[in-house]
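The values are calculated or read from the model by the stated rules, or taken from the named source; none is laboratory data. Quick caveat: nothing in here was measured; it's all calculated off a predicted structure. When we count neighbours, we look across all protein chains shown, and the Cβ atoms used for this are built from the backbone with ideal geometry, even at glycine.
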């Protein structure tokens, strides 16, 4: 057999073995992650949930921002700040010709201390309904106290899924002391890169397992 062909065959086998060696860790962690999810270990805290009615049933046509969504940034069982998103609901299926705007930010955007009616979302909702009486207007408030741009960024994909026509962001007051901020008691790390990595990993069941073991 030609030496060149033998050499190419050896190189090809070597590459295959290298690929297998590289794939083994990914396969292992994939199996562990899948196994933990299969046994329902860990949790995910979505930004939007079905709207619960007073009789504990649900109104499946409506969604609302989850009031205690801030818990997603803290290990299960640990104490989280007592900040919530005030109840405001919207249709799960966006109507035709609807005008849907989402408001993001901290306590000022949320209307603290007066509540939704005095918030940016509440005032904008009232004004737009007066200006466009022939359209379905939904101004969704996702702002809550003690958060900064890390939370704004973390909510982005879930907000985009709701097909907003615009997103209004009023933030900046909590960049240092807000949750995950460098000066906060609830910081993930003193590095923006590490904090962004934490936001990516926090829903991983392996990460939650390690976090709970450490905690």
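Just one of the listed residues (93, 138) is exposed (fewer than 15 other Cβ atoms within 10 Å of the Cβ) and either under 19 Å from residue 60 (Cα atoms) or in contact with a strand residue (DSSP E or B) (Cβ under 6 Å, 6 or more places away or on another chain) (or both), and it is 93. So if I check each of 47, 99, which one is in contact with a strand residue (DSSP E or B) (Cβ under 8 Å, 6 or more places away or on another chain) and more than 26 Å from residue 205 (Cα to Cα)? On inspection, the qualifying residue turns out to be 99. Put simply, of 118, 80, 110 the only residue that is surrounded by 14 or more Cβ atoms within 10 Å (Cβ to Cβ), out of contact with any strand residue (DSSP E or B) (no Cβ under 6 Å at 6 or more places or on another chain) and in the same structural domain as residue 171 (by TED's automatic domain parsing) is 110.
In the set (1) part of a helix (DSSP H, G or I); (2) closer than 30 Å to residue 101 by Cβ; (3) at pLDDT below 90, residue 32 fails one condition alone, (2). Put simply, of 196, 168, 144 the only residue that is modelled with pLDDT of 90 or more, touching a helix residue (DSSP H, G or I) at 6+ places or on another chain (Cβ under 9 Å) and in a strand (DSSP E or B) is 168.
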